[in-house]
């Protein structure tokens, strides 16, 4: 997650700072709402955060999901980085961020990473093994969110496999390392 400052000025908006979690797709619906066009049918995925700007509410979203495009899967060919043809060597992770937690969920063979942002703001200590249930709930909520946006199932399958493998706690343990699985 990246903190990007956004300055907004409009009729009825009081000066001040807001700290709500939001994403780039939420900007267009917010602008449309501010100019009186918020009720029009739209295919946009974002949701207006006008209520946060007006002070009607403090929060916009419980979490935000960020990632490379989910279709960039292991073995795919891309020129996205520097216009050179490259084969993706592993699944591109998605990150789910709340005020207190950051979850990184990769492909089927990647151990999820969960960080306590209050105790570890630099994300140095993966607490997935101690708080895997909390991480699994956050991942499940994020996958449901992506489903609601119409994300094709083929792009969600690797994340489901990763989550299911680590949530099931193979051999009775919540999460195991790649070395443990090899034995």
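Can you say whether residue 134 is assigned to a loop (DSSP other than H, G, I, E, B) and either at pLDDT below 90 or over 12 Å from the mean Cα position of the chain (by Cα) (or both), as far as the supplied structure shows?
Judged against the criteria, residue 134 is not a match.
Taking interchain pairs and intrachain pairs at least six residues apart, which have beta carbon atoms under 6 angstrom, with the first residue in the stretch 11-28 and part of a helix (DSSP H, G or I) and the second loosely packed, with under 15 Cβ neighbours inside 10 Å?
What qualifies is 25/45; 28/44.
Has the stretch 33-42 got at least one residue that is touching a strand residue (DSSP E or B) at 6+ places or on another chain (Cβ under 9 Å) and at pLDDT 85 or above? Explain how you work it out, then say what you get.
Filtering the stretch 33-42 down to residues touching a strand residue (DSSP E or B) at 6+ places or on another chain (Cβ under 9 Å) leaves none.
Looking for residues that are touching a strand residue (DSSP E or B) at 6+ places or on another chain (Cβ under 9 Å) and at pLDDT 85 or above, one finds none in the stretch 33-42, hence no.
Matching residues to (1) crowded, with 19+ Cβ neighbours inside 10 Å; (2) modelled with pLDDT of 80 or more; (3) part of a helix (DSSP H, G or I); (4) touching a strand residue (DSSP E or B) at 6+ places or on another chain (Cβ under 8 Å):
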| site | (1), (2), (3), (4) |
| --- | --- |
| 99 | no, yes, no, no |
| 108 | no, no, no, no |
| 123 | no, yes, no, yes |
| 130 | no, yes, no, no |
| 139 | yes, yes, yes, yes |
| 162 | yes, yes, yes, yes |
| 171 | no, no, yes, no |
| 175 | yes, no, no, no |
| 179 | no, no, yes, no |
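Among the residues of the stretch 32-53, which ones are loosely packed, with under 15 Cβ neighbours inside 10 Å and over 17 Å from the mean Cα position of the chain (by Cα)?
Result: 35, 36, 37, 38, 39, 40, 41, 42, 43, 44.
The values are calculated or read from the model by the stated rules, or taken from the named source; none is laboratory data. All of these numbers come straight from a predicted model, not from anything done at the bench. Note that we place each Cβ from the backbone using ideal geometry, even for glycine, and neighbour counts take in every protein chain shown.
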